[in-house]
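Inspection log for the structure reproduced underneath, given as C-alpha coordinates.
The values are calculated or read from the model by the stated rules, or taken from the named source; none is laboratory data. Because the structure is a prediction, the values reported are computed rather than measured. Please note: Cβ atoms are built from the backbone with ideal geometry, for glycine as well, and neighbour counts cover all protein chains shown.
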Amino acid sequence: MVNRTVVGAHYGLRDWLMQRITALVMVAYTLLMGGVFLTYKPIDYPAWKALFGIGWVRIATLLFFASLLLHAWVGMRDIIMDYIKPADWRLAAEIAVILTLAGYAVWAVSILWRN
(Lines give C-alpha, C1' and ligand atoms only; values in the text may rest on other atoms or scores of the structure.)
Protein backbone atom coordinates (compact mmCIF):
# COMPACT_ATOMS: atom_id res chain seq x y z
CA MET A 1 0.00 0.00 0.00
CA VAL A 2 1.26 3.46 -0.91
CA ASN A 3 1.33 6.04 1.86
CA ARG A 4 0.42 9.41 0.34
CA THR A 5 1.41 12.59 2.11
CA VAL A 6 -1.05 15.45 1.74
CA VAL A 7 0.91 18.50 0.71
CA GLY A 8 -1.66 20.59 -1.14
CA ALA A 9 0.86 21.35 -3.86
CA HIS A 10 -0.37 22.96 -7.04
CA TYR A 11 2.87 23.33 -8.92
CA GLY A 12 2.53 24.17 -12.52
CA LEU A 13 1.82 26.58 -15.26
CA ARG A 14 -1.30 28.11 -13.67
CA ASP A 15 0.54 29.44 -10.60
CA TRP A 16 3.57 30.53 -12.61
CA LEU A 17 1.32 32.35 -15.07
CA MET A 18 -0.72 34.00 -12.30
CA GLN A 19 2.46 35.38 -10.71
CA ARG A 20 3.64 36.80 -14.03
CA ILE A 21 0.30 38.28 -15.11
CA THR A 22 -0.36 39.90 -11.72
CA ALA A 23 3.17 41.32 -11.74
CA LEU A 24 2.55 42.83 -15.20
CA VAL A 25 -0.75 44.34 -14.04
CA MET A 26 0.99 45.91 -11.03
CA VAL A 27 3.81 47.30 -13.20
CA ALA A 28 1.30 48.74 -15.68
CA TYR A 29 -0.67 50.39 -12.84
CA THR A 30 2.53 51.81 -11.35
CA LEU A 31 3.58 53.30 -14.69
CA LEU A 32 0.07 54.63 -15.35
CA MET A 33 -0.19 56.29 -11.95
CA GLY A 34 3.35 57.59 -12.27
CA GLY A 35 2.27 59.34 -15.47
CA VAL A 36 -0.87 60.65 -13.77
CA PHE A 37 1.17 62.04 -10.87
CA LEU A 38 3.60 63.73 -13.27
CA THR A 39 0.75 65.61 -14.94
CA TYR A 40 -1.66 66.00 -12.01
CA LYS A 41 -0.12 66.73 -8.64
CA PRO A 42 -2.68 66.26 -5.86
CA ILE A 43 -1.42 68.25 -2.89
CA ASP A 44 -4.36 68.13 -0.50
CA TYR A 45 -7.16 65.80 0.52
CA PRO A 46 -9.83 67.23 -1.85
CA ALA A 47 -7.44 66.81 -4.80
CA TRP A 48 -6.72 63.19 -3.85
CA LYS A 49 -10.42 62.55 -3.35
CA ALA A 50 -11.19 64.05 -6.76
CA LEU A 51 -8.49 61.93 -8.41
CA PHE A 52 -9.78 58.68 -6.90
CA GLY A 53 -13.36 59.75 -7.59
CA ILE A 54 -12.72 59.22 -11.30
CA GLY A 55 -14.22 55.89 -12.36
CA TRP A 56 -11.28 54.50 -14.32
CA VAL A 57 -8.83 55.35 -11.51
CA ARG A 58 -10.99 53.43 -9.02
CA ILE A 59 -11.28 50.44 -11.34
CA ALA A 60 -7.54 50.47 -12.11
CA THR A 61 -6.74 50.71 -8.40
CA LEU A 62 -9.12 47.87 -7.59
CA LEU A 63 -7.52 45.75 -10.33
CA PHE A 64 -4.11 46.59 -8.84
CA PHE A 65 -5.20 45.47 -5.37
CA ALA A 66 -6.80 42.29 -6.72
CA SER A 67 -3.54 41.51 -8.54
CA LEU A 68 -1.52 42.30 -5.42
CA LEU A 69 -3.64 39.98 -3.28
CA LEU A 70 -3.47 37.11 -5.81
CA HIS A 71 0.27 37.62 -6.16
CA ALA A 72 0.68 37.57 -2.39
CA TRP A 73 -1.47 34.45 -2.07
CA VAL A 74 0.60 32.43 -4.54
CA GLY A 75 3.84 33.55 -2.91
CA MET A 76 2.69 32.93 0.66
CA ARG A 77 1.18 29.56 -0.24
CA ASP A 78 4.48 28.46 -1.77
CA ILE A 79 6.41 29.62 1.30
CA ILE A 80 3.97 27.83 3.61
CA MET A 81 4.22 24.61 1.59
CA ASP A 82 8.02 24.79 1.62
CA TYR A 83 8.56 25.51 5.30
CA ILE A 84 5.58 24.15 7.27
CA LYS A 85 5.58 20.37 7.08
CA PRO A 86 2.74 19.19 9.38
CA ALA A 87 -0.47 19.25 7.33
CA ASP A 88 -2.65 20.65 10.12
CA TRP A 89 -0.25 23.53 10.80
CA ARG A 90 0.00 24.20 7.07
CA LEU A 91 -3.79 24.33 6.77
CA ALA A 92 -4.01 26.70 9.74
CA ALA A 93 -1.36 28.99 8.21
CA GLU A 94 -3.11 28.97 4.83
CA ILE A 95 -6.45 29.82 6.44
CA ALA A 96 -4.81 32.67 8.37
CA VAL A 97 -3.31 34.05 5.14
CA ILE A 98 -6.64 33.71 3.29
CA LEU A 99 -8.54 35.52 6.04
CA THR A 100 -5.91 38.27 6.22
CA LEU A 101 -5.93 38.80 2.45
CA ALA A 102 -9.75 38.76 2.38
CA GLY A 103 -9.75 41.41 5.11
CA TYR A 104 -7.35 43.52 3.05
CA ALA A 105 -9.64 43.14 0.02
CA VAL A 106 -12.68 44.34 1.99
CA TRP A 107 -10.64 47.22 3.38
CA ALA A 108 -9.43 48.27 -0.10
CA VAL A 109 -12.96 48.19 -1.53
CA SER A 110 -14.31 50.18 1.42
CA ILE A 111 -11.61 52.83 0.93
CA LEU A 112 -12.15 53.09 -2.83
CA TRP A 113 -15.94 53.32 -2.65
CA ARG A 114 -16.25 55.43 0.47
CA ASN A 115 -18.21 58.65 0.09
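Before moving on, here are some points about what is shown:
- Every pair of residues 6+ apart whose Cβ atoms lie under 8 Å, when the first sits in the stretch 39-62 and is in contact (Cβ under 8 Å) with a residue 24 or more places away in the chain while the second is of a type outside the set (Ser, Thr, Tyr) and in a loop (DSSP other than H, G, I, E, B): ARG58/PHE52; ARG58/TRP113; THR61/PHE52
- Residues in the stretch 1-26 that are modelled with pLDDT of 90 or more and surrounded by 12 or more Cβ atoms within 10 Å (Cβ to Cβ): MET18, GLN19, ILE21, THR22, ALA23, VAL25, MET26.
- Boolean, TRP56 is assigned to a helix (DSSP H, G or I), aromatic (Phe, Trp, Tyr), at pLDDT 90 or above and within 25 Å of ARG114 (Cα to Cα): yes
- Options ALA66, ALA72, ALA50; residue that is surrounded by fewer than 14 Cβ atoms within 10 Å (Cβ to Cβ), small (Gly, Ala, Ser) and part of a helix (DSSP H, G or I): ALA50
- Residue count, the stretch 39-48 (criterion: modelled with pLDDT under 90 and charged (D, E, K, R)): 1
- Any hit, the stretch 28-47, residues being outside any loop (DSSP other than H, G, I, E, B) and of a type in the set (Asp, Glu): no
- Residue list for the stretch 75-96, filter: in a helix (DSSP H, G or I) and surrounded by fewer than 16 Cβ atoms within 10 Å (Cβ to Cβ): GLY75, ASP78, ILE79, ASP82, TYR83, ALA87, ASP88, TRP89, LEU91, ALA92, ILE95, ALA96
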